[in-house]
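Readers should treat all values here as calculations from the given coordinates under stated rules, not as data from a laboratory. All figures in this text were calculated on a predicted structure; none of them were measured in a lab. Note that we place each Cβ from the backbone using ideal geometry, even for glycine, and neighbour counts take in every protein chain shown.
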Amino acid sequence: MLEKPTPQRLAELKQQGYTQKDIATIYGRSERMVRYWKKDKGEPKQKVGRKEKLTERHLFFLKNCVVDVKAIKQKHLAWYFSLLMSKSISQPTICRALRKIDVTHKKPTYQALEQLRKENQKKIKEFIEVIIPKLLKSDANIFFLDECSFHCNETPKWGYSPKGSRLVLQKSGNKGKNQTLILLTQITTGEKTIHWDLIEGGLNSEKFHKFLTEFNPPNNGKENYLIMDNLPVHKAKDSCIDLKLTPIKELLTSKNIEPIYLPSYTPELNPVEKMFNITRKHVEGWQPRAKEWLKLVIKEKIKFFQKENLNKYLDNSIKECLMKNPNITKEEQDYITLEKFNLRLGAKETVKVGTEDLWPQFSKLKLEKGDEPILKIAKINTLLRLSERGN
């Protein structure tokens, strides 16, 4: 089959006396296609589908806006862009635009706001870059300790059901008494010491003292370090003295254990939290209805951890903390502002709302590095109010 002729070649064939039927026979195409060739002027054709309402620069701004103000709703973005572009922008348009720039709606991983304090940032950095590497190089016995609450009547959060019908599971209205799991584990690849206990009710100084009294570190000639959070019970002194017990720190010293406390508000640095997540899913699957049954289910998972390489839990804990605090090891994130965005577009290009240019006004309300999400949303709402007042 011959290649498609150019409009000039078709004109030459027509001058030579060839009809549309003859040309169609020569090129092995239909007469309708020959007529289409004559109309084709080589101009770019319009894309199939709806026309894009948001330009590339709007998409650029949208991505930075969503990344910076993470919890903003699509309807608020639609309202904002409608004002920005002086035309109606719907929520489905914003939804398609977000999909186009690879931004998805996700379940958040929460971070304590207190971690962002400068003093806590320094402690987190010191713990990750100094304390942990030093302990690993010293070949010491490293233990982590934490507590977790369970109830007899835990139910799974997910299940299976035929498509189109809801999943209905039975759940007791009486959760029963709170059961606290205290877990102390050694972080190592080989044989490890895991000491645990399931106590009824919350944790207090007396119960914690008894738990540590029953724990004996391995007698292998190495130094012992116990890492835990800053729960007051972990540092109990006066309450232990009132109970005529040895203070916690002195008790640990008598067992040749040096306590190390995690930076404040950083539970993700404790690998025991990862073990609790796995254990809770296991408990929800079995749904124990009595304390003894709950204890057997937890014991089964402890046997699983005995064979596991717990170093990977520590690695994942540090990675999660660094993911939440990228400024610890990387250069500080450069928060995009409308002022910077305007500079990237060029001095001649500005986006206006109606007849008012709001870029200079927003530059006064620029998002600072320390702003909380609520404050950022408040600043954007302030910009919207300015546009409504015509300031």
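What are the semi-axes of the equivalent ellipsoid for region 122-178, taken as the square roots of 5 times the Cα gyration tensor eigenvalues, largest first, in whole Å?
Ellipsoid semi-axes (Å, largest first): 44, 18, 11.
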If I take R0 = 45 Å and measure r between the Cβ atoms of residue 198 and residue 79 in this structure, what FRET efficiency does the formula 1/(1 + (r/R0)^6) give, to the nearest 0.05? 0.30
Under 10 Å, Cβ to Cβ, from residue 96 - net charge with Lys/Arg +1 and Asp/Glu -1: +3
13 Å beta-carbon shell around residue 21, net charge (K/R +1, D/E -1): +2
If you bin the C-alpha pair distances of region 160-254 every 10 Å from 0, what whole percents do you get? 12, 35, 24, 13, 10, 5, 0
Once region 89-209 is represented by equal point scatterers at the alpha-carbon sites, with solvent omitted, what log10 I(q)/I(0) does the Debye formula produce at q = 0.11, 0.21 Å⁻¹? -0.85, -1.20
Expressed to one decimal in nm², the mean projection of the alpha carbon convex hull of region 26-110 is 9.4 nm²
Each label sits 7 Å from Cα toward the beta-carbon; between residue 244 and residue 300 the label points are separated, in nm, by 4.4 nm
Dipole size in debye (nearest 20) for region 191-331 around its Cα centre, Lys and Arg Cβ +1, Asp and Glu Cβ -1? 360 debye
Taking a threshold of 19 Å on the Cα-Cα distance, which of the pairs 249/301; 70/319; 63/118; 70/123; 122/319 fall above it? 249/301; 70/319; 63/118; 70/123
Cα pair count fraction exceeding 20 Å, expressed as % - region 173-329: 57 percent
Quick calc: nm separation of the 7 Å Cα→Cβ label points for residue 254 and residue 210 -> 1.7 nm
Where does the charge balance sit around residue 179 when Lys and Arg score +1, Asp and Glu -1, over other residues with C-beta under 9 Å from its C-beta? +2
